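Worksheet: one structure, shown below.
Each reported figure results from applying straightforward, stated rules to the coordinates on display, with no laboratory input. As the structure is a computational prediction, the values presented were derived from the model and not from experiment. Here the Cβ positions follow ideal geometry from the backbone for every residue, glycine too, while neighbour counts run over all protein chains shown.
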Amino acid sequence: MEDFKLNLGKPLCVFDLETTGIRLGVDRIVEIGIVKAFPDGHTEEFLQRINPEMPIPAEASAVHHIYDGDVALEPTFKEASPRIVQFIGNSDLAGFNSNRFDIPMLVEEFLRVGVRFEVKGRRLIDVQNIFHKMEQRTLTAAVRFYLNRELENAHGAIYDTRATFEVLKAQIQRYKNVPFTDKNGHTDCPVVNDMEALATFSTVGNYADLAGFVVFDKQGAEVFGFGKYKGKKVEEVFHSEPAYYDWIQKADFPLYTKQVLTEIRLRSIKA
């Protein structure tokens with residue numbers, strides 16, 4: 001396993017977040033762990049606890065064992081963000097359930113403090129989605145299944161990150177030449193040592209905004225994924241009911257969702 005080398009065209013950052021909860025736009029990061037893999041095979045690690053500037057709920061601390069006192073003297077996300085951005089650089093991103101949680105949460109935090117962090121152009125690889133499609137298990141079970149050992153120090157960001165990185169490498173080796181049949185009946189061998197292919201296979205839901213409030217239809221147009229206009233093209237809704245855009249901007253939606261909708265609105269005005 002240690003000798004296996006990922007086929008990388010540019011660095012890949014495998015990361016994990018520990019947070020105050022799971023509500024985008026409300027909860028905050030308390031710890032981030034990153035393993036950065038380089039094309040030449042070497043890796044670097046980054047671990048930083050974050051002062052979330054809000055109390056950590058007891059139920060969250062019960063999971064990751066990080067308490068208010070543990071982060072009281074740590075930097076805020078705004079203070080830590082330059083180092084995080086610099087470490088990640090132009091890397092592709094990977095994690096366990098990262099497409100649905102970690103990446104949207106990270107982007108939300110950057111937006112909240114006014115730091116630009118572009119997701120477009122990065123391959124997003126979700127190890128959990130590969131695992132669920134191929135085996136239907138959890139991270140602890142994934143470590144046991146793929147690595148034949150127990151997951152130690154679960155819910156510590158750097159420990160979960162290291163485990164996820166090892167599971168990803170094991171998945172690529174285990175499923176080499178293993179066929180998978182999708183819901184449309186198409187069969188191929190999708191788990192290969194190629195980040196573009198892994199990003200495609202590990203994506204569940206063609207989201208325009210990461211959180212799933214805006215999705216792409218079969219023609220590639222952005223449509224609403226929720227509410228009374230679910231399935232309707234965003235541009236058409238904003239044209240017929242401009243007040244709907246204003247309502248969304250004032251409501252408790254993720255900042256990145258609002259940013260995507262603003263870009264669509266401005267694009268339609270210019271057209």
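Going from the fewest other Cβ atoms within 10 Å to the most, the residues C189, C13 appear in the order C189, C13.
Lysine pair count for the range 214-270 with Cα-Cα distance under 23 Å and sequence separation of 8 or more or different chains is 17. Potential lengthening of the chain between A221 and D252 amounts to 8.7 nm, from the contour at 0.36 nm per residue minus the alpha-carbon distance.
Calculate the FRET efficiency for E150 and K120 from the Cβ-Cβ distance with a Förster distance of 45 Å, rounded to the nearest 0.05.
With R0 = 45 Å, the Cβ-Cβ based efficiency is 0.75.
Taken as Cα centroids, the range 176-252 and the range 86-162 sit 19 Å apart, rounded to the nearest whole angstrom. Looking at the square roots a ≥ b ≥ c of the eigenvalues of the Cα gyration tensor of the range 191-271, which shape do they give, rounded for a/c under 1.5, prolate if a/b is larger than b/c, or oblate? In terms of gyration-tensor shape, prolate.
Simple spin-label estimate for A141 and R112 gives 3.2 nm between the two label positions (7 Å along the Cα-to-Cβ direction from each Cα).
Fewest neighbouring Cβ atoms within 10 Å first, the residues H239, H64 line up as H239, H64. Here K78 is the anchor, and the aspartates and glutamates within straight C-alpha reach of less than 14 Å, apart from those fewer than 8 places off in the same chain, are E31, E53, E108, E109. Per-residue ellipticity at 222 nm computed for the chain from its helices equals -11500 deg cm²/dmol, with DSSP H segments shorter than 4 residues left out and the rest contributing -39,500 (n - 2.57). Database remark: amide H of V214 closer than 5 angstrom to the amide H of A208, D209, G225 (H placed geometrically; neighbours at sequence offset of 5 or more, or on other chains; Pro and chain starts carry no H). A simple count of charges around N7, restricted to other residues whose Cβ falls under 13 Å of its Cβ and scoring Lys, Arg +1 and Asp, Glu -1, yields +1.
Which loop-located GluC sites (Glu not before Pro) does the range 50-83 contain, where loop means any DSSP state but H, G, I, E or B and the Cβ has at most 15 other Cβ atoms within 10 Å?
E53
Where does the charge balance sit around L24 when Lys and Arg score +1, Asp and Glu -1, over other residues with C-beta under 12 Å from its C-beta? Once positives and negatives cancel, what remains is -1. When Kirkwood radius over Cα pairs in Å is computed from the coordinates, the matching label among (1) 23.7; (2) 19.8; (3) 22.7 is (2). The length gained on full extension between D68 and E44, counted as 0.36 nm times the residue separation minus their Cα-Cα distance, comes to 5.8 nm.
The fewest-to-most ranking of M105, M134, M195, M54 by surrounding Cβ atoms within 10 Å reads M54, M134, M195, M105.
Charges were assigned to the Cβ only: +1 to each Lys and Arg, -1 to each Asp and Glu. The resulting dipole of the chain about its Cα centre is roughly 860 debye.
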